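Here is the structure we will look at.
What follows is calculated from the coordinates using simple rules that are stated; it is not laboratory data. The structure displayed is predicted, hence computed values, not measured ones. Quick reminder, even Gly has a Cβ in these numbers, built from the backbone with ideal geometry, and neighbours come from all protein chains shown.
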There are 2 protein chains.
Amino acid sequence: MTQLVRVQNLTVSADGYAAGEGQSLERPFGHADPGELMAWALATASMPGMAGPEGSRGLDDRLVRDFGNGIGAEIMGRNKFSPHRGPWADHAWQGWWGEDPPFHTPVVVMTHHERPSFTLSDTTFHFVSGTPADVLALAFEAAGGRDVRLGGGAQTVRAFLDADLVDQLHVAVSPVVLGGGSRLWVSPAELEDRFHHEEVPSPSGLAVHHLFWRRVSPA
Amino acid sequence: MTQLVRVQNLTVSADGYAAGEGQSLERPFGHADPGELMAWALATASMPGMAGPEGSRGLDDRLVRDFGNGIGAEIMGRNKFSPHRGPWADHAWQGWWGEDPPFHTPVVVMTHHERPSFTLSDTTFHFVSGTPADVLALAFEAAGGRDVRLGGGAQTVRAFLDADLVDQLHVAVSPVVLGGGSRLWVSPAELEDRFHHEEVPSPSGLAVHHLFWRRVSPA
């Protein structure tokens with residue numbers, strides 16, 4: 001089985017931003033309100049720690065519960081892992097996700113500033129510098145034959161798209177307008193030269209789902 | 001975690017039939033053409049043994065690849081397992097699926113005619129008589145804490161719906177008209193008294209997906 005690189009459940013605003021401006025410890029999504037941006041996912045039964053059994057089990061839920069399906073590792077950018085910039089002052093920061101992160105696989109953090117790996121519950125974080133292709137080679141190995149989820153943020157997804165290393169994307173477009181921040185695209189049509197594109201408005205009204213897959217399979 | 005009973009990827013015709021009339025060894029779907037009825041799934045990358053990497057990876061594919069996600073056992077009716085009716089002449093028949101069935105979990109066959117369990121690859125088939133509730137109790141136990149997929153056919157799904165034992169359904173409606181056979185419904189609206197209902201036309205044009213989940217969660 002070919003291992004794929006998949007973007008799963010990345011949410012952007014109607015104007016294409018995955019996060020607002022001014023990320024900080026208090027505001028991981030900057031000026032964006034994550035409760036508003038991610039409302040489509042937060043209302044589902046499958047979103048960890050949220051609505052639970054009372055949550056919806058329609059289309060949005062199917063996409064949320066596909067998050068880890070067939071995935072053996074995640075790649076994320078340094079700015080998704082941490083609000084800090086530049087060299088690490090120390091290694092106290094262990095991510096936003098508490099003692100039981102929702103990844104349950106190795107996570108490869110792409111960063112210019114390496115630091116030792118550490119493990120929380122069943123998630124081990126590795127810190128790797130290099131090109132997207134270098135980082136991906138490590139993630140494929142860590143994934144043990146399964147697919148790699150490209151977890152964002154927008155800058156990291158853009159870097160992998162520029163290197164033509166993405167096989168499949170699910171991007172949920174929320175009706176929120178942000179006006180600035182970390183931008184994935186001006187319009188989803190930008191990807192249509194390289195990807196098949198399906199646009200599926202959710203019956204929930206909380207997002208329009210965009211599904212992309214490569215026009216030509218990788219060799 | 002509550003274990004759920006989920007119908008996944010059941011395909012019916014525009015007039016509600018999951019199979020045609022006259023099932024036989026040569027025609028497991030009776031007068032229905034499974035290639036036409038199931039065209040939406042057969043075109044996807046995730047359908048075992050079909051299009052492979054050249055297959056589509058849009059909405060239809062997401063639903064196909066959810067087939068085994070979180071599932072620990074399947075319940076199927078005797079008519080899904082076999083073209084034979086009445087008592088078993090012998091135990092030579094081992095299903096339609098060859099040496100490596102696509103279930104990869106225990107399968108509980110609901111039948112008035114019990115026979116010994118057998119295993120093919122990582123799928124073990126058990127044969128159980130009794131009410132839907134009796135059969136479900138065994139399937140929940142076999143599922144080891146995971147959900148149970150109610151695999152069909154239409155008669156079996158109807159029996160579980162009548163017993164109010166279904167938590168969630170995904171039914172794909174194909175544009176084919178069959179005019180007779182094993183019927184799930186006259187109209188999907190029949191389930192709306194007990195289930196939330198989302199209708200999602202696939203961008204592929206090959207099916208309209210109907211997603212249902214209970215209005216009230218089971219205790």
Shortest first and in nm, the label-point separations between residue A:15 and its counterparts in the other identical copies (7 Å out along Cα→Cβ) come to 5.4
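Normalise the Cα radius of gyration of region B:124-219 by 2.2 N^0.38 Å (N = residues in it) and let me know the number.
This ratio for region B:124-219 stands at 1.19.
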Average beta carbon contacts from partner chains per residue of B:200-206, 10 Å cutoff: 3
Exposed loop trypsin sites (Lys or Arg not before Pro) only (DSSP loop, at most 13 other Cβ atoms within 10 Å): please give the longest stretch of chain A free of them, not including the sites. A:86-214
Nearest beta-carbon to the B/A symmetry axis - residue in chain B, distance in Å: B:69, 3
Averaged over B:61-67, number of beta-carbon atoms from partner chains that fall within 10 Å: 4
Cα centroid of region A:77-145 to Cα centroid of region A:157-219, whole Å: 24
Find the percent of Cα-Cα distances in the protein assembly as shown that exceed 41 Å, and round it to a whole number. 20
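What FRET efficiency would be calculated for the residue pair residue A:122, residue A:2, taking the C-beta separation as r and a Förster radius of 35 Å, to the nearest 0.05?
Efficiency for this residue pair is about 0.85.
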Tell me the label-point distance for the pair residue B:137, residue B:199, using the 7 Å Cα-to-Cβ offset, in nm and rounded to one decimal. 4.0
Percent relative contact order for chain B, counting Cα pairs under 8 Å at least six residues apart, stands at 30
Could I have the simple spin-label model distance between residue A:85 and residue B:97, label points 7 Å from Cα toward Cβ, reported in nm to one decimal? 5.4
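Assuming a ≥ b ≥ c are the square roots of the Cα gyration tensor eigenvalues, decide whether region B:175-219 counts as rounded (a/c under 1.5), prolate (otherwise, with a/b larger than b/c) or oblate. Write down the numbers at each step before the final one.
Details: a/c = 3.16, a/b = 1.45, b/c = 2.18.
Judged from the Cα gyration tensor, region B:175-219 comes out oblate (a/c at least 1.5, b/c at or above a/b).
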Gained length - residue A:129 relative to residue A:113, 0.36 nm times residue gap less alpha-carbon distance: 5.1 nm
Residues in region A:56-95 reached by a label modelled at residue A:104 [backbone nitrogen below 12 Å; 7 Å Cα→Cβ]: A:65-72
Restricting to DSSP H runs of at least four residues, report the calculated mean residue ellipticity at 222 nm for chain A, -39500 (n - 2.57) per run over all residues, nearest 500 deg cm²/dmol. -4500 deg cm²/dmol
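For a footprinting-style exposure proxy, rank A:104, A:170 by other Cβ within 10 Å, fewest first.
Listed from fewest to most nearby Cβ atoms, that is A:104, A:170.
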Taking each residue in A:78-91, count the Cβ atoms of any other chain within 10 Å of its Cβ, then average. What number comes out? 0
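If I take R0 = 45 Å and measure r between the Cβ atoms of residue B:50 and residue A:24 in this structure, what FRET efficiency does the formula 1/(1 + (r/R0)^6) give, to the nearest 0.05? Spell out each step's value before the answer.
Working: r = 49 Å, r/R0 = 1.08.
Step by step, r from the Cβ atoms, then E = 0.40.
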